[in-house]
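A.B. asks: Got a structure for you, written out below as structure tokens; questions coming shortly.
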Amino acid sequence: MEEKKDNQELDQASDAPAKEEKAVEGAGSAKGKKKVKKQVSVGRAYVQATYNNTIITFTDSLGNALAQCSAGQVGFRGPKKSTPYAAGIIVAKAAEKVKAYGLKEVAVFVNGVGGGREASIRAINANGINISGIQDVTPIPHNGCRAKKPRRV
């Protein structure tokens, strides 16, 4: 009886690598398939408008990024990156990437105090994406850091 158990264990051990080989072969055949992009009709748009740059990210409702674009990616350099014109170009490029996902409506979350704040919101609307809501998520200090001690003269 012990020999039968040993034989069964050997058979099971020899089956395991064969299954792994099949899995590897299956992975190679899936190489030819085209990846289907998920369709997202409602999502979010995060606008980060700093003094030096403007970055926009389109996500689905869970926060998974669909497309991202910044002024540096488009080709702006130096102080031109934070202009309202650059923000409009950035949004147009990011909206073009998002068209494949079928995004139609976004909630906009704006962060920062740069020049591209309002321009990016207007550009989102101009590129055929409806805006369901706008929220300013710029962090504001509640009293902030401790002030310097007064100077004695």
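A.B. asks: Are any of the residues in the stretch 53-68 more than 16 Å from the chain's Cα centre (by Cα) and either over 10 Å from Ser120 (Cα atoms) or buried (at least 18 other Cβ atoms within 10 Å of the Cβ) (or both)?
C.D. replies: yes
A.B. asks: Are any of the residues in the stretch 112-122 farther than 19 Å from Val42 by Cα, surrounded by 14 or more Cβ atoms within 10 Å (Cβ to Cβ) and polar (S, T, N, Q)?
C.D. replies: no
A.B. asks: Next up: How do the pairs read when you match residues in the stretch 133-146 that are surrounded by 11 or more Cβ atoms within 10 Å (Cβ to Cβ) and part of a loop (DSSP other than H, G, I, E, B) with residues anywhere that are modelled with pLDDT of 95 or more and of a type in the set (A, V, I, L, M), using Cβ under 8 Å and keeping only pairs 6 or more apart or on different chains?
C.D. replies: Val137/Val110; Thr138/Val110
The values are calculated or read from the model by the stated rules, or taken from the named source; none is laboratory data. Note that the structure is a prediction, hence the values are computed from the model and not measured. All Cβ positions, glycine included, derive from the backbone under ideal geometry; neighbour counts span all protein chains shown.
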